[in-house]
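Participant: This structure is in structure tokens; I'll ask about it shortly.
The values are calculated or read from the model by the stated rules, or taken from the named source; none is laboratory data. In this text the structure is predicted, and so the values were computed from the model without any measurement. A quick note on method: Cβ atoms are made from the backbone with ideal geometry, for glycine too, and the neighbour counts reach across all protein chains shown. Side chains are part of the model used for accessible areas, which takes the heavy atoms of the whole protein and leaves out ligands, DNA and RNA. Shrake-Rupley method; radii C 1.70, N 1.55, O 1.52, S 1.80 Å.
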Amino acid sequence: MTMVDKNWTEIFTDGFRGPASPGHARIWAAVYGDEYPAALDTHSYITVSELDRMAEDCRLSPGDRLADIGCGRGGPGIWLAARRDARLVGIDIAETALEAAREKAEIFGLADRAAFQLGSFTDTNIATGSLQAVISIDALLFAPDKAAALAELARITAPGGRLLMTTWDYHTQPDGRPPQLSDHRPVIEAAASQYSLMPKPTAGVSASTAPTR
């Protein structure tokens, strides 16, 4: 099976079917120490300090709307929504992940202002310009068309809103993954400019890019 043939919906539906792996949690806790956000059951490389920075950079006011695209079990989006007293919509291709996210939202006391629905990077089913902030943590690499994905995220973000994400710049194509980019910045800037998210290509959108691979 080639990377083009892979059914990512099926793969992630199966992967999120059970609880978060205790083995993975122990490894990440050993690596990150106090920086590991253990309560979030994350399926990504995110630290407490990075979440704190996102909470500041997203500039959300109470009642604002936040989306987490590729939300998985919902941890980072739920944490940010709770921290900023915001409303949350989580999007994922796996219903099993969304079920876990709904349970997590209840634990965090967000059941009344968090919704989770099936969707993808290029088909979020969210109204244009309806969100004050959009985040995506370590999920963009699974989008086959990065430009189309980023255009969709820019479309749903309100003018002046914030788009924050973590991903990897790949200088070589990894096995078993959709096509990757060596530099995401031009694509992010083009998408943001199209929807008036930033007055200049260097301002208005916060893009966090992990070390290159």
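Participant: What shape does the range 72-117 take by its C-alpha gyration tensor, where a ≥ b ≥ c are the square roots of the eigenvalues and a/c under 1.5 counts as rounded, a/b above b/c as prolate, and the rest as oblate? Show your work: numbers first, answer last.
Facilitator: Numbers: a/c = 1.91, a/b = 1.67, b/c = 1.14.
Verdict is prolate for the range 72-117.
Participant: Shape call for the chain from the C-alpha gyration tensor, a ≥ b ≥ c root eigenvalues: rounded (a/c under 1.5), prolate (a/b greater than b/c) or oblate?
Facilitator: Because its axes are fairly even, with a/c under 1.5, the chain counts as rounded.
Participant: I would also like to ask the following. Considering only protein heavy atoms, what is the solvent-accessible area of Ser193 at a probe of 1.4 Å, reported in Å² to the nearest 10?
Facilitator: Taking all protein chains as shown, Ser193 has close to 60 Å².
Participant: So for the chain, taking the charge dipole from beta-carbon charges (+1 Lys/Arg, -1 Asp/Glu), which of Gln180, Leu164, Gln117 sits furthest toward the positive end?
Facilitator: Leu164
Participant: Once fully extended, how much extra length lies between Ala190 and Arg26, figured as 0.36 nm per residue of separation less the alpha-carbon to alpha-carbon distance?
Facilitator: 55.0 nm
Participant: In square angstrom, rounded to the nearest 10, how much accessible surface does Phe142 have for a 1.4 Å probe?
Facilitator: Surface accessible to solvent at Phe142 totals approximately 50 Å².
Participant: May I pose another question? For the range 1-141, which whole percent of the accessible surface, found with a 1.4 angstrom probe, sits on carbon and sulfur atoms?
Facilitator: 50
Participant: Got a sec? Charge dipole of the range 54-114, +1 on Cβ for Lys and Arg, -1 for Asp and Glu; which of Ala82, Ile93, Cys71 is way out at the positive end?
Facilitator: The one lying farthest along the dipole's positive direction is Ala82.
Participant: How would you classify the range 36-93 from its alpha-carbon gyration tensor, with a ≥ b ≥ c the square roots of the eigenvalues: rounded for a/c under 1.5, else prolate if a/b is greater than b/c, otherwise oblate?
Facilitator: Details: a/c = 1.98, a/b = 1.18, b/c = 1.68.
Taking the square roots of the gyration eigenvalues as a ≥ b ≥ c, the range 36-93 is oblate.
Participant: How much of the DSSP bridge set in the chain is antiparallel, in percent, rounded to the nearest 5?
Facilitator: Of the beta bridges lying entirely in the chain, close to 5 percent run antiparallel.
Participant: Given +1 on the Cβ of Lys and Arg, -1 on the Cβ of Asp and Glu, and no further charges, what dipole in debye does the chain carry about its Cα centre, rounded to the nearest 20?
Facilitator: 400
Participant: Within a Cβ distance under 12 Å of Arg185, other residues only, what is the Lys/Arg minus Asp/Glu net charge?
Facilitator: Neighbour charge sum, excluding Arg185 itself: -2.
Participant: A follow-up question, please. Rounded to the nearest 10 Å², what accessible area does Glu99 show when all protein chains are kept and the probe is 1.4 Å?
Facilitator: Glu99 exposes around 90 Å² with every protein chain in place.
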